[in-house]
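Each remark here refers to the structure printed beneath this line.
What follows is calculated from the coordinates using simple rules that are stated; it is not laboratory data. All of these numbers come straight from a predicted model, not from anything done at the bench. Here the Cβ positions follow ideal geometry from the backbone for every residue, glycine too, while neighbour counts run over all protein chains shown.
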Amino acid sequence: MFKPNNNHNQQALSGSTQWMDKRIRVKLEKLWAPIFYEHVFCKIDEEPFAALYGAAGKPNFSENILLSLEDIKHMKDCSDLELLDDFYFDYLVNYAVGIKTLGEVNLVERTL
């Protein structure tokens, strides 16, 4: 079953940026992740991928996250396993793919 990823559009009260010191938040905004989020991640249209999924069953993993992770993998020139570690533990990678709280989304190696 296809389900578009719109979760990144709503800001969570418990998001990490809500609790950051203002100076750290300003530094974060000058790094690559917010630029990637705004100009790459948010521009990905997931609708063409809907044809790949049936009408029933478990919802898909977000296509915009998968495509963005593939871009980041090539940008950082890393392996799938390194990318998976970055996804789990690197806040910049999470921010770039619209996840504002580490550990909010689970991704398994087989999905990559």
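Observations
- Criterion: in a helix (DSSP H, G or I), of a type outside the set (D, E, K, R), in contact with a helix residue (DSSP H, G or I) (Cβ under 6 Å, 6 or more places away or on another chain) and without any contact (Cβ under 8 Å) to a residue 40 or more places away in the chain - qualifying residue of L67, L83, L92: L83
- Test result for I24, touching an Asp or Glu at 6+ places or on another chain (Cβ under 8 Å) and part of a helix (DSSP H, G or I): no
- Residue list for segment 70-82, restricted to those being closer than 17 Å to W32 by Cβ and touching a Leu at 6+ places or on another chain (Cβ under 6 Å): K73
- When E47, E70, E63 are checked against the criterion of being over 27 Å from W19 (Cα atoms), among the charged types (D, E, K, R) and buried (at least 16 other Cβ atoms within 10 Å of the Cβ), E63 stands alone in meeting it.
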